[in-house]
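Trainee: Below are the C-alpha cells for one structure; questions will follow.
The values are calculated or read from the model by the stated rules, or taken from the named source; none is laboratory data. Everything numeric in this text was worked out from a predicted model, so none of it was measured. Cβ placement follows ideal geometry from the backbone for every residue including glycine, while neighbour counts extend to all protein chains displayed.
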Amino acid sequence: MLDLALAQQLRAAGLRWEPTPGDRFVLPLPEMQDEVFILSNIVADVHRFESGNVIGFNGTTEWALDSVEQDDVVWLPREEQLREVLGAAFVRLEQLTGGYAVTATVGDGEDRRFVDIDAERAYARAVLSRLEVAQSG
C-alpha cells in the first residue's frame, strides 16, 4: 500500500481523483494518518455539490466525524488504478528480490525503470515521474 508521503507527492504533481466505491483515503492529520478509510455506499460515500465533493460517513458511531471535504483527504490509489493512469506508457512489471520494478515510457520517449518495495509503490513512482514531466513540459 502507498504511504501518505508518496500519495501526497502524486496529489501535488496533479493526479486527479474522482472518488468511487472501493477507493482508499486517509485524513492527513497526525492523529488520523494511520487510519485508512475505504469508500463504500454503506460506510463512507461521496456527496457531489456544486461547491465540491464531500465524503460522508454514514452510520459511524466510533467517532464524531460526519463528513470531510474531498480536498482535505489524501487518496491512496490502488495498483490497478495506477496502471490505468500509466495507460500506453506502461511497458512491464517485474518482481525483484525485495521488491518490484515498473518500466514505463517517460516524456522523452525513453523507457525507465521505477523500483520500490511493492508493485503499487513502483507504479506510483512511474506515474509521479510522468506527471512531473508533464508539469515541466
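Trainee: Looking at region 35-43, is at least one residue of a type in the set (G, A, S) and modelled with pLDDT under 95?
Mentor: Yes, that holds for at least one residue.
Trainee: So which residues in region 73-94 are touching a residue at least 24 places away in the same chain (Cβ under 8 Å) and more than 30 Å from D45 (Cα to Cα), if there are any at all?
Mentor: A89, F90, L93
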